[in-house]
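Working notes, structure below.
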Amino acid sequence: MKLKINGNYYEGKAGETLMELAKRNNINIPSLCHKKGFEGLGRCRLCLVEVKEGHRTKVVSSCVYPIKDGVEVITNSDKILKMRKNIIMLLLLRTPNNEYIKNLAKEYGVVAPERYMNTDEKEDCVLCGLCVKACETMGTNAISMVNRGTTKKVSTPYDDASKDCIGCGACAEVCPTKAISLIDKDGKRIIWNRTFDLIKCSKCGRYYTTNEAFHYANNKLDIIIEEPLCEDCKRKLTGEKFKEVFEKL
């Protein structure tokens with residue numbers, strides 16, 4: 001499957017989206033809601049591109065648009081750049097002091113009028129939905145999008161401490177603008193109005209996850225792990241086991 005992007009031809013794979021093909025070939029298409037494992041949300045619209053198919057041209061979200069043989073894609077036309085700048089301006093108006101958005105605005109030369117700036121100078125959330133998707137994928141569904149219009153936000157039910165939250169931090173990990181507050185201090189983790197006890201890795205002694213997240217993972221995998229291990233120690237232990245196996249061969 002062959003298609004043209006910005007004047008050059010590229011080979012695509014069946015089932016790929018335009019965004020995936022572009023990333024695989026180091027073609028820059030900005031996006032806030034596209035992350036490995038959470039592809040195709042189509043929320044932020046920063047990944048808009050022009051697609052020419054025959055005599056027709058249309059604007060599509062590259063993160064959800066499947067590649068087609070023979071089409072031509074333009075990622076940086078004047079029309080696309082203008083639309084992208086408008087989106088960035090709206091993001092800047094919502095989160096005027098977020099470093100990620102300010103850098104994005106600087107890259108595209110966007111300056112939002114001060115008289116329309118968000119009065120909440122601490123707002124960092126751009127409503128990309130990645131955190132909600134991460135929580136849903138974990139199977140906990142502790143957070144969701146609530147309200148509508150200008151009051152729309154990500155929250156726990158009634159802004160209270162959610163009984164379903166396990167404090168895993170997956171939501172904070174995927175957030176592109178670091179909008180989710182996660183504080184680890186003195187063996188405790190504070191997130192979403194709840195305080196959790198952290199547990200230590202049995203090898204390195206580092207606090208790495210909550211007691212609830214550890215037991216939740218065990219129940220999901222239907223196994224019993226008596227000695228908790230952080231990701232670094234897991235990889236190290238796996239590498240040592242592989243080494244032992246190869247030495248015996």
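In this structure, the amide hydrogen of LYS188, modeled 1.01 Å from its nitrogen in the peptide plane, lies closer than 5 angstrom to those of LEU198, counting only residues at least 5 positions away or on a different chain.
For the chain, the 222 nm mean residue ellipticity estimated from helices alone, with every DSSP H stretch of n ≥ 4 adding -39500 (n - 2.57) and the total spread over all residues, rounds to -9000 deg cm²/dmol.
Checking every one of the trypsin sites (Lys or Arg not before Pro) in the stretch 109-179 against DSSP loop status and a limit of 13 other Cβ atoms within 10 Å picks out LYS122, ARG148, LYS152, LYS163, LYS178. Bridgeable lysines around LYS58 (alpha carbons under 23 Å apart, same-chain partners fewer than 8 residues away excluded): LYS2, LYS4, LYS13, LYS23, LYS68, LYS79, LYS82, LYS85. Taken along its principal axes, the alpha carbon cloud of the stretch 2-76 reaches lengths of 31, 22, 19 Å, longest axis first.
Around LEU229, with a cut-off of 13 angstrom between Cβ atoms, what is the net charge of the other residues, counting Lys and Arg +1 and Asp and Glu -1? Walk me through the numbers before you get to the answer.
On the way: positive: LYS200, LYS203, ARG206, LYS234, ARG235, LYS236, LYS241; negative: GLU226, GLU227, GLU231, ASP232, GLU240.
Residues close to LEU229 contribute a combined charge of +2.
Classify the stretch 21-162 as rounded, prolate or oblate, taking a ≥ b ≥ c as the square roots of the eigenvalues of its Cα gyration tensor: rounded when a/c is under 1.5, otherwise prolate if a/b is larger than b/c and oblate if not. Oblate. Taken along its three principal axes, the alpha carbon spread of the stretch 126-249 comes to 64, 29, 27 Å, from the longest extent down to the shortest. Once the C-beta distance of LEU221 and ASP160 is scaled by a Förster radius of 30 Å, the resulting FRET efficiency is 0.55 to the nearest 0.05. The mean of 1/r over all distinct Cα pairs in the chain, once inverted, gives the Kirkwood hydrodynamic radius of 21.1 Å.
Throughout, read-outs are computed from the coordinates displayed, never taken from laboratory work. Owing to the predicted nature of the structure, the values given are computational and were not obtained by experimental measurement. Positions of Cβ are generated from backbone atoms using ideal geometry, with glycine treated the same way; all protein chains shown enter the neighbour counts.
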